[in-house]
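Enquirer: Provided herewith is a single structure, encoded as structure tokens, for subsequent inquiry.
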Amino acid sequence: MTDTIAPAADKAVTKTRATKTAKTAVKSPFADFEAFAMPKMEVPAMVREMTEKGIEQARDAYAKVKTAAEEATDLLEDTFETSRQGVVEFNMKAVDAAKANTDATFAFVKDLMSVKTVAEAIELQSTFARQQFDALSSQARDMQEFATKFSTDVTAPVKEAVEKTFKDLKAA
């Protein structure tokens, strides 16, 4: 293999050719075609006014949609926060009820271990069953009342927003 060194003149020719190619590449190949040329004409004032009105209406519509979206987002955030707080409180009530029932059961078992006759055991069992029935009834009532209040608290903002929207639609 032999390496040949190009003379300095050949390098100058190559460099000049590359420069010419770069200069002609900037020009668009479609600039000379008549089909792609845009006609130069004056836009009538009426068309400009209509276009400006259309743009103004689009901006107004966008502002309304943006406001509605922000209100809907706020509503969802409030609803989720209310739901989260309600679920936490509901769970706390359930845990408290379970603790009370467990404590009552352990107290019953402790008392049951200290009875001397079967009659005492039956009487203790009857009393415990009555007390637990009353306690469970009270706990269920409390849970139902809380669940009703909770569902009202969660749905009230949504209901108000829907009513407001329908009222706004009727006015428009």
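The values are calculated or read from the model by the stated rules, or taken from the named source; none is laboratory data. This is a predicted model, so every value here is computed, not measured. So basically every Cβ, Gly included, is an ideal-geometry build from the backbone, and we count neighbours across all protein chains shown. Just the protein is used for accessible areas: all its heavy atoms, side chains included, with ligands, DNA and RNA removed. Shrake-Rupley method; radii C 1.70, N 1.55, O 1.52, S 1.80 Å.
Enquirer: Of all residues in segment 68-125, which are open to solvent by less than 70 Å² (accessible area, probe 1.4 Å) and among the aromatic types (Phe, Trp, Tyr)?
Expert: The one that is open to solvent by less than 70 Å² (accessible area, probe 1.4 Å) and among the aromatic types (Phe, Trp, Tyr): Phe108.
Enquirer: Another question, if that's okay. Take the conditions within 28 Å of Glu89 (Cα to Cα), among the charged types (D, E, K, R), open to solvent by 100 Å² or more (accessible area, probe 1.4 Å) and within 29 Å of the chain's Cα centre (by Cα) and apply them to Glu145. Does it pass? Please lay out each step first, then the result.
Expert: Working: within 28 Å of Glu89 (Cα to Cα): yes; among the charged types (D, E, K, R): yes; open to solvent by 100 Å² or more (accessible area, probe 1.4 Å): yes; within 29 Å of the chain's Cα centre (by Cα): no.
Spelling it out, it is not the case that Glu145 is within 28 Å of Glu89 (Cα to Cα), among the charged types (D, E, K, R), open to solvent by 100 Å² or more (accessible area, probe 1.4 Å) and within 29 Å of the chain's Cα centre (by Cα).
Enquirer: What is the one condition in (1) modelled with pLDDT under 65; (2) in a helix (DSSP H, G or I); (3) open to solvent by 70 Å² or more (accessible area, probe 1.4 Å) that Thr4 does not satisfy?
Expert: Unmet condition: (2).
Enquirer: Quick one: what pairs do we get from segment 147-172, first residue of a type in the set (Asp, Glu), second part of a helix (DSSP H, G or I) and surrounded by 12 or more Cβ atoms within 10 Å (Cβ to Cβ), C-beta under 6 Å, 6+ apart or different chains?
Expert: Asp153/Thr82
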